[in-house]
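Since every read-out is calculated from the coordinates, none of them should be taken as a lab result. For clarity, every value in this text was computed on a predicted model and none was experimentally measured. Because the Cβ atoms are built from the backbone with ideal geometry, glycine has one as well, and the counts that use them run over all protein chains shown.
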Amino acid sequence: MADAVATPGQTMEQAIETPGETLGATAAALKADKTDWKQIKRQVIGFTFYRILPEWRRLPEAERAEQKRRFAEVVKRWNQPGRMLSLSYSTVGLRGDVDMVLWTISYSVDDLSQMRAELLATPLGGYLETPYSYLSMTKRSQYLIGHEHEGQADSRGFLRPGGQKYIFIYPFWKTRAWYLLPIEERQRLMNEHIRVGHLYPRVKLNTTYSFGLDDQEFVVAFESNFPEDFLDLVQQLRETEISAYTLKDTPIFTCIRMTPEAMLDRLG
Amino acid sequence: MADAVATPGQTMEQAIETPGETLGATAAALKADKTDWKQIKRQVIGFTFYRILPEWRRLPEAERAEQKRRFAEVVKRWNQPGRMLSLSYSTVGLRGDVDMVLWTISYSVDDLSQMRAELLATPLGGYLETPYSYLSMTKRSQYLIGHEHEGQADSRGFLRPGGQKYIFIYPFWKTRAWYLLPIEERQRLMNEHIRVGHLYPRVKLNTTYSFGLDDQEFVVAFESNFPEDFLDLVQQLRETEISAYTLKDTPIFTCIRMTPEAMLDRLG
Amino acid sequence: MADAVATPGQTMEQAIETPGETLGATAAALKADKTDWKQIKRQVIGFTFYRILPEWRRLPEAERAEQKRRFAEVVKRWNQPGRMLSLSYSTVGLRGDVDMVLWTISYSVDDLSQMRAELLATPLGGYLETPYSYLSMTKRSQYLIGHEHEGQADSRGFLRPGGQKYIFIYPFWKTRAWYLLPIEERQRLMNEHIRVGHLYPRVKLNTTYSFGLDDQEFVVAFESNFPEDFLDLVQQLRETEISAYTLKDTPIFTCIRMTPEAMLDRLG
Amino acid sequence: MADAVATPGQTMEQAIETPGETLGATAAALKADKTDWKQIKRQVIGFTFYRILPEWRRLPEAERAEQKRRFAEVVKRWNQPGRMLSLSYSTVGLRGDVDMVLWTISYSVDDLSQMRAELLATPLGGYLETPYSYLSMTKRSQYLIGHEHEGQADSRGFLRPGGQKYIFIYPFWKTRAWYLLPIEERQRLMNEHIRVGHLYPRVKLNTTYSFGLDDQEFVVAFESNFPEDFLDLVQQLRETEISAYTLKDTPIFTCIRMTPEAMLDRLG
Amino acid sequence: MADAVATPGQTMEQAIETPGETLGATAAALKADKTDWKQIKRQVIGFTFYRILPEWRRLPEAERAEQKRRFAEVVKRWNQPGRMLSLSYSTVGLRGDVDMVLWTISYSVDDLSQMRAELLATPLGGYLETPYSYLSMTKRSQYLIGHEHEGQADSRGFLRPGGQKYIFIYPFWKTRAWYLLPIEERQRLMNEHIRVGHLYPRVKLNTTYSFGLDDQEFVVAFESNFPEDFLDLVQQLRETEISAYTLKDTPIFTCIRMTPEAMLDRLG
């Protein structure tokens, strides 16, 4: 299970709802894996959901354009190979409470905070609220965010995030009963789950961990070019036994991948 | 069950709370159905609920009139046969948290987002909030939204949405226990439900699916000219066994169908 | 049970928490009742709870007075015998989230919406929010709202709403378990409930139905000149068996009956 | 039980969580009590929690001072022996959602509403919100609020509210299961509760009743000069059996008693 | 258990989720402890979470700088050895609803309130909201906040709070079932919990008590330089039996320790 998470580039059938490091299957997988995972820095993940105040839309167009330019500039300045990568998404018309999303992958809680502070210090920051924000970490360094690993992307299998048109993000909690099941039972329940995932190869899963860092236990982000595939997958998963161990998996955000400029233009 | 959904033009007794594609009854129905459903594009549905900020009502009448004109213009410009159809409703005086609703049927998540962005970019957008927004899809192309299917409406049975004075919309979640019932038991429970639905032929049901795309599992929209029929139907359904498998079915929105101009005039 | 609701002019012991039309007792009562209920129009009920924005209180006194005059004018213009009746209440100092309440009885969802739209289109509407709003219907025409039934008030027993100094309003949901009880058991539980109601003859009950029209199942409104009677009644009802079938019965609004002008003056 | 409530001047061990008038013990106590309780007016209690809008703090100091003076004037003008008594508390720095509290004891719902309306009609009212408000009544006249009972304070044991530096207020709901327990069992559970209360003689309890008047069943207010005593008492009560019958007992407000002027000065 | 709390300087394995003073183990520990704990003043703890209003970010830079200076001045003026100590943290980019946190340790509820009032009375106070605020006390004087105990820090083991880069704060409620378990069973469950804690020596725990003073039962604050350690610890604790007795442990705040000036600069 856990190794499914550890192996980046994973598809659906591998990594959903990993029951943790203690499963026997994991130990075996780790033994076979020659990578020295302990040496690899954990990644710090931020999903930040912004809402623009309605009064911003009353500003003159030129002022709004300048504010968008300044905001996009900060996003791009912080995209530094080996340090931080931010992907931008619009949710205008798809959620009522959120207008745009930044998915940031970095190596430092402080970098993430500093970058967000610089965004809010731009003129646009005077008109932004943040209705949702999810902080999480990878269990192992999962995403390829710069040149340093460039040559190893295939062999090491780092994910290249943002390669699909849509992302579906939600925070996730399992019931406490799940965590008290014997390992073998969790494995059995996972197997059925994985079998269903196999049926939807066009959906890619990213699992990150928030235990103790934020309200939820996990933040999961599914990437796909086919929303109908994800809809059908989630509906079908309702009929698996493991589904009864989900405590909460909302809110769910459907987001469209676009450049920072396009994301900002969709605000008005 | 699922075929009830698949057959547009359905009335109440056919389509409520379909338990999914895996039911045996569905397989039989599909076999008998000569339509090549796989070829038909899924429709993308948006229910967007707007609230006008009180301060908008303090603006001069002429300014408000101009803002309403610009907003209605965008709604109508996007009503493009074969691409998008938006129906407009007022909830003034019927809900405290929402003033008007757009029900949009399209074929693209991006179109929906872009259209909503253009609405918010009108001057009225500077005074709007969106307290609720539901994103969903049909399982098969369900609504007739333009000339391309005109001649086939009868034979193919596409719904013509918006034909009744009132619509009753709500998001819907079933309990996880429902999804773990054997198919035969779900069928038995559905049968009773359908029997009650038969008693109210003046109520038409539209079921759409949100699994993974938004917080709820379904968005259902009932159309009728007779609110008292819908009230009596829902009360009577409480006494069916299947009702115990409803996890949540609120908020419920009673909406009055009217032109975009009339909907906007009811704002003040 | 249901006939308790059907018989206007009811007191406490008759009509609380009616279990619906299917009870045997109802059939008997209906048989004895010569009124042709099917011919009687159902009434549309709106309970609208307004909150004044704090900034309104900063306006000059003359402007506030003029705004109140215009608002009261609309309330009174829509009080049309046989069409609509609105009763006005203050909750200032009794609730923190609501300042005033309109209880409107009419025959049309559209009339209700149009009347509320005209209220919000007055200058005061620019400073109002609507934290709560309940839409419901009577099962049969219950209230006497104009001259047309004047002569029949006694024989037909229509309620004359608003005859007491206080009203206690709340939305109400029963558990799903209630709806699955056998009729005889529901009858038995109701009998105890009714017995307690008999002890408080100074409390009058109005039950309205919201199934499918709004979030709650019922909206109940108790009228009395004696708040302590209602407090004691509700506390005593906690010890009845039927009380365990209440899912939710909040928020509860204690409201003081007064003229529209007095209600508005209490805003500041 | 109920007589503990009926006997003002009560300490902790007497009056917490009274199970109502129907307990046998009450009947006995009432028989021994020569007071004609039926003749004594019930008291109407309001706990109103105000929050100052941040923008108020941007006003010039002189304007704020004048606004505070006008607000305090109304509080004091309504302190009328035999009619109304208001106690004032600050929660600045102790709660994030509330800045000050008025605890008002009166004999009339309308007086309470009128007094609060006059407070909101002062210039400070243009900058106040009321995040919480609890309306309740005593079961018997419990507090001594003026000269009329002066000579009987000892013999009749009316409470003199406000005699301690701190007050701890919370709304309170019991589970429905509690109300269905046999009287003897409730008595047994209360006895243990009372035994723990005896250990903290420096904590004084005030119980008021909200059934049907407001969302909660009770509003309880504990007075003490020693916050650590109240903390220890509540923690210890968690280990009593009766604690399992608490449905909800939040939010909890820790408040500091001060004059209206000092309370207002703490706003800024 | 309880003595784990009583012994400041504790690490993870000692003090988490202490089941209260009644455990036998505590009595033994106290007997062995020569300190006269009864003589030691209880500490009053405030965790205050501030959010800056977006409009503040529209102010001229010089005005914002001056406002920050005045706010920091108050924080520092109240840092008085033996009376009060405030630690400052930023949450910008880590939470959407909160921008900065003050953790204040003092000996008086009134001091805490007065200090917070002075903060809000600075010009920055006109742009601050307080979305969360937790009031609690230590069971014994736990933190070393000034010179008076300087010489005894080692022997008495007072905590020196703020020594780590990150703090993880959350309010905490146990289920009522926990409090009704026999002492021996609670001890057994704690032992497993402690065993897991031992595995993460780089995480330090601070437990404070809110029973009766605020909504939650406990406020816990974990300090560490290693967020990944805390993440792994919390995930691993999910698999302990005692975890099923957690009622609620959110929201969770990840905060970065910095000077008041740095914390304020991160606002914009």
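Less than 5 angstrom separates the built amide H of A:Asp99 from those of A:Tyr50, A:Arg51, A:Ile52, all sequence-distant by 5 or more or on a different chain.
Sorted shortest first, the distances from the E:Glu73 label point to those of the same residue in the other copies are 3.3, 3.3, 5.3, 5.3 nm; each point sits 7 Å from Cα along Cα-to-Cβ. Under a model in which nothing but the beta-carbon of Lys, Arg (+1) and Asp, Glu (-1) is charged, region D:224-268 shows a dipole of about 200 debye around its Cα centre. Computed from backbone phi with θ = phi - 60° and the Karplus coefficients 6.51, -1.76 and 1.60, the 3J(HN,Hα) list for region B:91-106 is 10, 4, x, 10, 10, x, 9, 9, 10, 7, 9, 10, 10, 10, 10, 8 Hz; x is used for glycine and proline.
By the count of other C-beta atoms within 10 Å, a proxy for reagent exposure, C:Lys68, B:Lys165 are ordered fewest to most as B:Lys165, C:Lys68. Measuring from each Cβ of chain D to the axis carrying D onto A, the nearest residue and its distance in whole Å come out as D:Glu55, 8.
In the structure displayed, which of B:Lys165/B:Lys204; A:Lys248/B:Lys248; D:Lys165/E:Lys41; C:Lys248/D:Lys41; B:Lys41/B:Lys139; A:Lys165/B:Lys248 lie more than 21 Å apart, Cα to Cα? Mind showing how you got there, number by number?
On the way: B:Lys165/B:Lys204 12 Å; A:Lys248/B:Lys248 14 Å; D:Lys165/E:Lys41 18 Å; C:Lys248/D:Lys41 31 Å; B:Lys41/B:Lys139 9 Å; A:Lys165/B:Lys248 31 Å.
Correct reply: C:Lys248/D:Lys41; A:Lys165/B:Lys248.
The string of couplings for region D:108-124 from the Karplus curve (6.51, -1.76, 1.60, θ = phi - 60°) is 8, 4, 5, 4, 4, 4, 5, 5, 5, 4, 5, 4, 6, 7, 6, x, 4 Hz, one whole number per residue in order, with x for Gly and Pro.
In order along region E:255-268, the Karplus-derived 3J(HN,Hα) couplings, from 6.51 cos²θ - 1.76 cosθ + 1.60 at θ = phi - 60°, round to 10, 9, 6, 7, 5, x, 5, 5, 4, 6, 5, 6, 6, x Hz, and Gly and Pro are given as x. Near E:Arg42, no amide H atom lies under 5 Å from its own; only residues 5 or more places off or on other chains count, and H is placed 1.01 Å from N. If R0 is 22 Å, the Cβ-Cβ spacing of D:Thr246 and E:Arg188 corresponds to a FRET efficiency of close to 0.25. Inter-copy label distances for C:Leu53: 0.8, 0.8, 1.3, 1.3 nm (label point placed 7 Å from Cα along Cα→Cβ; shortest first). Amide hydrogen proximity for C:Arg202: with H placed 1.01 Å from N in the peptide plane, no residue at 5 or more positions away or on another chain lies under 5 Å.
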